[in-house]
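> Pasting in a structure now, in structure tokens, and then I'll have a few things to ask.
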2 protein chains.
Amino acid sequence: MWLRTSGREERGGPPLSRQRIVDEAVALLDAEGADRLTMRRLAERLGTGSTTLYWHVKTKDDVLDLALDAIFAAVPIPEDERWRAGVTRLIGDWRATLLRHPWSAALLGRPMLGPNVLARSDYLYGTLVAAGVVEPHLTAAAFGLSNFVIGSALMQATWLVNADAETRDAARQHMDHQRDHYPALAAHGPLTVADDWDASFEYGLNWLLDGVEATIATG
Amino acid sequence: MWLRTSGREERGGPPLSRQRIVDEAVALLDAEGADRLTMRRLAERLGTGSTTLYWHVKTKDDVLDLALDAIFAAVPIPEDERWRAGVTRLIGDWRATLLRHPWSAALLGRPMLGPNVLARSDYLYGTLVAAGVVEPHLTAAAFGLSNFVIGSALMQATWLVNADAETRDAARQHMDHQRDHYPALAAHGPLTVADDWDASFEYGLNWLLDGVEATIATG
DNA sequence: CTGGTCACTCGAACAACGATCCGGTGGAGG
DNA sequence: CCTCCACCGGATCGTTGTTCGAGTGACCAG
């Protein structure tokens, strides 16, 4: 009796729950990438049978949706800042979070309706409204900022994180070999110039914000 | 003899080639979406065995890469236009093509190194350079414009094309039900306001181009 | 103590997938 | 006629997401 471990500890950790599944899924995605996430591997890390997961979660896609929303909990919602500083901080943290979990880039093509994402979108809309942005510029601003950060993170994750050095070298060589086909690209392209993703992101973001700000003055 | 059909016609169409495989893949993707593309179904449409495809193509990912690049052939490269008009046209056609093939949104997370994509990127860089855009604004402009169009198409394809009406209604209902949690989103959000994706896209694009243009004057 | 309910677990199995192996086939060239 | 070789495809392997149905143990009414 005293020597018999409880079934709970045999399987490692607290009882299975949706939260534990999602947390472990994020850890697995961070460690091994999107294509290495399978229900069996996830269950193994949780110390359970793979089919057990389906009691807590309907499909694998649900796990991905939940994992994608979960990482946005790390994006703080700004407080007591002027609208432009707040938006800048939100979008910057948004991007940093996406880049910290590069697998998220591959999941951006699915509806993001989790509570964390919605709360941050709500802040974005609310801040723009409070700043005096009105339709049609309001929707354009919210869409533009979201789309810009999504596109930026997607492209950077594709190249700097997901693509191995082998792929990047092959790409460089490929373009160097066809230098006369793509003259401008070879002379000024991203693989030639030492590019600064952070600086480029800030330039683009400020151009967008300048445009939004200009609509406030003129109505 | 005269009644015996040639083996070629029995299997339907001209001999198998990489080009035919890619064309049929695009047609299949257009008709049924990304997750319905399998090597077996693709082979069936081509009237061949599934394993035959692997003689012309190394992996399924190759098919996807080729299909993704193939659709960019429909994006004309502007000629004889002032830089801003040319860039506007290129980016607009870029977006239209992505939206005409909504499955492409899910593939944007992979390196785009096909000849069609590279040629259009080359035009973008070349036009910006000719317009007088210099570093660090050059990279920022090229990245910003690409990322913006990618993000816009990705988000719009996600919501207006890939998500069925059922999903959209559920989303609307979900947000309406939590109206107090997301006040700004409920009042001004994209599912409340009748949003105009095209107009929003143009606003964002012009804000970016205004920013780029301003860097030319000031150096 | 008993019997039963209910949340939860999991081994076995299924259909479908990407990919490989290896034996064909048919036309071109010697 | 034989040989070569680009091209084809049936059989098959390992893996995937998901379902089915049989369990297990805690808890509760009687």
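> Name the residue that is surrounded by the most Cβ atoms within 10 Å (Cβ to Cβ), counting only residues in the stretch A:63-75 that are within 14 Å of chain B (Cβ to nearest Cβ) and within 16 Å of DNA strand D (Cβ to nearest atom).
A:L68
> Inside the stretch A:106-181, counting only helices (runs of 4 or more DSSP H) that do not spill past its ends, which hold 2 or more residues that are farther than 26 Å from A:E79 by Cβ and of a type in the set (D, E)?
A:165-177
> Let me spell it out: the conditions are (1) under 19 Å from the mean Cα position of the chain (by Cα); (2) within 7 Å of another protein chain (Cβ to nearest Cβ), and A:P115 meets all of them except one. Which number is the exception?
(2)
> Give me the residue from the stretch B:162-182 that is facing chain A (nearest Cβ under 7 Å) and not polar (S, T, N, Q) and, out of that set, farthest from the chain's Cα centre (by Cα).
B:Y182
> Looking at B:A186, B:A171, which is the one that is of a type outside the set (F, W, Y), out of contact with any Pro (no Cβ under 7 Å at 6 or more places or on another chain) and in the same structural domain as B:L107 (by TED's automatic domain parsing)?
That would be B:A186, the only listed residue that is of a type outside the set (F, W, Y), out of contact with any Pro (no Cβ under 7 Å at 6 or more places or on another chain) and in the same structural domain as B:L107 (by TED's automatic domain parsing).
> Is there a residue in the stretch B:51-62 that is more than 16 Å from B:S17 (Cα to Cα), more than 12 Å from DNA strand D (Cβ to nearest atom) and not aromatic (F, W, Y)?
yes
> Please identify the pairs in which a residue from the stretch A:32-59 that is more than 14 Å from every other protein chain (Cβ to nearest Cβ) and under 27 Å from B:G109 (Cβ atoms) has its Cβ atom under 9 Å from the Cβ atom of a residue that is near DNA strand D (Cβ under 7 Å from one of its atoms) and small (G, A, S), counting only partners at least 6 apart or on another chain.
So the pair list comes out as A:T38/A:S50; A:M39/A:S50; A:R40/A:S50; A:R41/A:S50; A:L42/A:S50; A:A43/A:S50; A:E44/A:S50.
> OK, next. Looking only at the stretch B:183-202, count every residue that is under 23 Å from B:G86 (Cβ atoms), within 7 Å of another protein chain (Cβ to nearest Cβ) and surrounded by fewer than 22 Cβ atoms within 10 Å (Cβ to Cβ) and tell me the total.
The total comes to 1.
> What are the pairs, 6+ residues apart or on separate chains, where a residue within the stretch B:125-146 that is facing chain A (nearest Cβ under 7 Å) has its Cβ under 7 Å from a residue that is charged (D, E, K, R)?
From the stretch B:125-146, the pairs are B:P136/A:D196; B:T139/A:D195.
> Moving on. Identify, by number, the condition in (1) polar (S, T, N, Q); (2) closer than 27 Å to B:D164 by Cα; (3) within 14 Å of DNA strand C (Cβ to nearest atom) that B:T52 doesn't meet.
So B:T52 meets the others, but not (2).
> For B:P78, which of the numbered conditions (1) within 9 Å of chain A (Cβ to nearest Cβ); (2) touching a residue at least 40 places away in the same chain (Cβ under 8 Å) fails to hold?
(1)
> With the condition kept exactly as written, say whether any residue in the stretch B:182-201 is in contact (Cβ under 8 Å) with a residue 60 or more places away in the chain and touching a helix residue (DSSP H, G or I) at 6+ places or on another chain (Cβ under 9 Å).
Within the stretch B:182-201, one or more residues are in contact (Cβ under 8 Å) with a residue 60 or more places away in the chain and touching a helix residue (DSSP H, G or I) at 6+ places or on another chain (Cβ under 9 Å).
> Taking A:E81 as meeting all but one of (1) within 15 Å of the chain's Cα centre (by Cα); (2) more than 24 Å from B:A157 (Cβ to Cβ); (3) charged (D, E, K, R), write down the number of the exception.
For A:E81, the exception is condition (1).
The values are calculated or read from the model by the stated rules, or taken from the named source; none is laboratory data. As the structure is a prediction and not an experimental result, all values here were calculated from the model. Glycine gets a Cβ as well: all are built from the backbone with ideal geometry, and neighbour counts include every protein chain shown.
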